[in-house]
Each structure stands twice: as C-alpha cells, then as structure tokens.
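Below: the structure, in structure tokens.
The values are calculated or read from the model by the stated rules, or taken from the named source; none is laboratory data. For clarity, every value in this text was computed on a predicted model and none was experimentally measured. Note that each Cβ is placed from the backbone with ideal geometry, even for glycine, and that neighbours are counted across all protein chains shown. Quick note on the areas: whole protein, heavy atoms, side chains included, nothing else; ligands and nucleic acids left out. Shrake-Rupley method; radii C 1.70, N 1.55, O 1.52, S 1.80 Å.
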Amino acid sequence: MKKTTLPLGPQHPVLPEPLSFDLVLENEKVIEAVPSIGYIHRGLELLAPKKEFTDYVYVAERICGICSFIHGMGFCQAVEEIMKIEIPDRAAYLRVYWGELSRLHSHLLWLGLAADAFGFENLFMQTWRLRERVLNIFEKTTGGRVIFSVCKVGGIKKNITDSELKALQSELDSLSGEIKEISDVFLNDSSIKNRLCGIGPLSREDAWHLGAVGPVLRASGVSEDNRKLGYAKYGELEFEPIVEKDGDCYARCKVRIREMFQSLDLMRQVVSRIKGDAIDTKVTGLPCGESFLRLEQPRGEVFYYVKGNGTRFLERFRARTPTFANIAPALEMLKGSELADVPSILLSIDPCISCTER
C-alpha cells in the first residue's frame, strides 16, 4: 500500500498551539508521526545569568501564560531551597490557593478548546464564560489576568484577607454548580463520546515507560501526582490523585473534569485552615548551591533546576515542562489512528508549545 507523508501544522484551524508533525499515512490511517520541536524557541533559560535572581521570577512565569503562577512559584521554591528560607504559613497556603485556581482555569480553557475542536461552539462559549469568572477572581486578588507576579523569593507580595477568602468562596461555590452542568454535557453527550471514546488509547505500561505525566499518565491508570510530595501546604490537605483506567481521549477528559472539582475542594480546605498574618520572610544573602525540585502543573509534572554561585545572578536555570514529556506518549497514541482523529488526540495531551520551547 502506498504511503503518503502529510505535514500537520504549525498552523491548523483546530490546533491552539503551533504544533508541527509529519504524519505518515496509509490511506486515512496514521502509521507514524514525526514531531518537529523548536519552532518558537525563545531562549528564556539564557537570561538567568543576566537577571538578578530576585527579578528572574518575572522571566520564569513568562515561560507560559496559562501556567504562569506555578512557574513563578516553582522558581521561588527552588531558590528558597538553596537559601534555606522558610516562608510563612499564610504565604504557603495562598500559593496553594492560587495554584489550584490556576489548575481550574487551565482545565476550563482546555475544555473550551476541545469543544471548539468538536464543532460544539455553544459549549465552547459556555465553558469560556466560566473561565472568565475564574480570571475575574485572579484579577481581584492579584491585579492580573494572565501574568500575576505575586510570588517572590521569601513568600508572596499580596495578601488575601480571611474575609475576602470567605467572600470568594461563595463565588466559587456558585461556579462549582455551573461547572457541574457543563461537565454533564462533556461526559454524557453522544456526539462528544463518539469523538473521544476509544480514540488515542495509551496503555498503562506505555504511559509509564514513555514518561507520560499529569492527566495523560493518570488517565492510563497510574496514580502519580507531585502534589502528594507535600510542597507548600499540600502535605496538610486531604486529597488523592484522580485516576482513570481506559487511557483514551475520553479518560483524559474525565480526569481533567474531576480535577476541577478537586481543585475547588482544595481551595475550600485552604480557606478553612489558613493561619497567620505574615506573607513574606526577609531575604538576606545570596544563593550559593543548587536545587532540583518537581511540581505538579495543570498539564503534569514540571522539573526545575537552579544553580547559584554566590552572586546576584544565577549560574543556571533549567525547566522541563509537561508537554515535552507528553510528546513521546502522543506519538504512540497517534499510531494506528484515523487522520480525522489526529486533532482530538493532540488536544488530549493539552499541549503548550510556549512551555516546551523556552
């Protein structure tokens, strides 16, 4: 049978990111996919020796707009580990609060993009209408809607008072009910099930050996979530990783939907447990040494490596983001799929090329 090579991307009506693949086809079936990485490389890591370590947090959070808060938080945690800085309890709790709000925002954004890919425009609009309400909370508490700049080495820059947290909780409770309504559509609508169920399967063994992370890994039956490491105040909160076993696009969608409700619950726990008044610790000295840590982004596990040499400028900063880890599993998902299902499969890993190509 004659093989055809079809380029997909970097521009495509369905793909929200400039992904670039060469698809090897036999008729309409994909037998191989060859990725092209590096299309929008920005060289952010090379700025580490040129920016003071207290200012580099602004660069780190610009690795990705959707995950900006956790990128800034991860960088700060890495420097705090080198300098043996212990941040106040309130700062740690609020980092969790904003981190889970970021996860809620990211998953709502992904659900809207998925609905748009299905051609379900009304569902897309309804999902992003809810996303706007999450962004309004970010704007109210941080002053920003995409880049927040509230994390700093030693704590946070802005406080949310107890009364403000309780007022925000009523908004989140209202949001939870509306998310439940759209979730029922995503999980039960027959047209969506036809586009997702059994599409792009990834076995538990392949997910593990190919290094899948985040919802992609957990949707294949692996209970792995870096929040269980207990960083910030996650060690004091009650939750378990969200796991599904089917490993297809529908399972990955279901994991993200269930994680939204988990994030809402974690924010409720923060409101009930937050304590203390201080939001930062005075930072003295300069970072000398290196640290390596793992956090859980909305898209999955992210690694940070920071090396200081006792000056105001870092010697090295390195990040490995979840989309990079999920590209190899995505290639496995694409093998044997129909050409028409390729956009849905690629969207199911929730790709972020800004994260991948730093």
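What residue, among those in segment 304-323 that are open to solvent by less than 40 Å² (accessible area, probe 1.4 Å) and either free of Cβ contacts under 8 Å to residues at least 24 places away in the same chain or within 18 Å of residue 59 (Cα to Cα) (or both), is nearest to the chain's Cα centre (by Cα)? Break it down into steps so the answer makes sense when it comes.
To start, the set of residues in segment 304-323 that are open to solvent by less than 40 Å² (accessible area, probe 1.4 Å) comprises 304, 306, 308, 310, 314, 317, 319, 321-323.
With the extra rule that they be either free of Cβ contacts under 8 Å to residues at least 24 places away in the same chain or within 18 Å of residue 59 (Cα to Cα) (or both), the set shrinks to 304, 306, 308, 314, 317, 319, 321.
Values: 304: 14, 306: 20, 308: 27, 314: 25, 317: 20, 319: 14, 321: 9 Å.
It comes out as 321.
In segment 254-292, what residues are among the charged types (D, E, K, R) and closer than 18 Å to residue 88 by Cβ? Can you show your working first?
Keep residues of segment 254-292 that are among the charged types (D, E, K, R), which gives 254, 256, 258-259, 265, 268, 273, 275, 277, 280, 282, 290.
Scanning segment 254-292 gives 273, 275, 277, 280, 282.
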Item to check | Lone unmet requirement of (1) aliphatic (A, V, I, L, M); (2) over 25 Å from residue 251 (Cα atoms); (3) out of contact with any Leu (no Cβ under 8 Å at 6 or more places or on another chain); (4) in contact (Cβ under 8 Å) with a residue 12 or more places away in the chain for residue 192 | outcome: (2)
Checklist outcome for this item: Subset of segment 11-61, residues under 26 Å from residue 117 (Cβ atoms), touching a Phe, Trp or Tyr at 6+ places or on another chain (Cβ under 6 Å) and open to solvent by less than 40 Å² (accessible area, probe 1.4 Å), comes to 18, 20, 33
Item to check | Within segment 262-296, tally of residues that are within 20 Å of residue 163 (Cβ to Cβ) and without any contact (Cβ under 8 Å) to a residue 40 or more places away in the chain | outcome: 2
Item to check | Which numbered condition residue 226 fails, given (1) in contact with an Asp or Glu (Cβ under 6 Å, 6 or more places away or on another chain); (2) more than 27 Å from residue 342 (Cβ to Cβ); (3) open to solvent by 50 Å² or more (accessible area, probe 1.4 Å) | outcome: (3)
Checklist entry - Out of all the residues in segment 48-68, which are in contact with a strand residue (DSSP E or B) (Cβ under 8 Å, 6 or more places away or on another chain) and in a helix (DSSP H, G or I)? => result 48, 49, 50, 56, 57, 60
Checklist outcome for this item: Reported set for segment 31-64 where residues are more than 19 Å from the chain's Cα centre (by Cα) and among the hydrophobic types (A, V, I, L, M, F, W, C) is 31, 33, 34, 37, 40, 46, 47, 48, 53
Next on the checklist: When the residues of segment 236-286 are narrowed to those that are among the hydroxyl-bearing types (Ser, Thr, Tyr) and assigned to a helix (DSSP H, G or I), which ends up most open to solvent (accessible area, probe 1.4 Å)?
Outcome noted: 272
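Do the conditions hold for residue 74, that is, is it out of contact with any Asp or Glu (no Cβ under 8 Å at 6 or more places or on another chain), within 30 Å of residue 176 (Cα to Cα) and surrounded by fewer than 18 Cβ atoms within 10 Å (Cβ to Cβ)?
Details: out of contact with any Asp or Glu (no Cβ under 8 Å at 6 or more places or on another chain): yes; within 30 Å of residue 176 (Cα to Cα): yes; surrounded by fewer than 18 Cβ atoms within 10 Å (Cβ to Cβ): no.
No: the conditions fail for residue 74.
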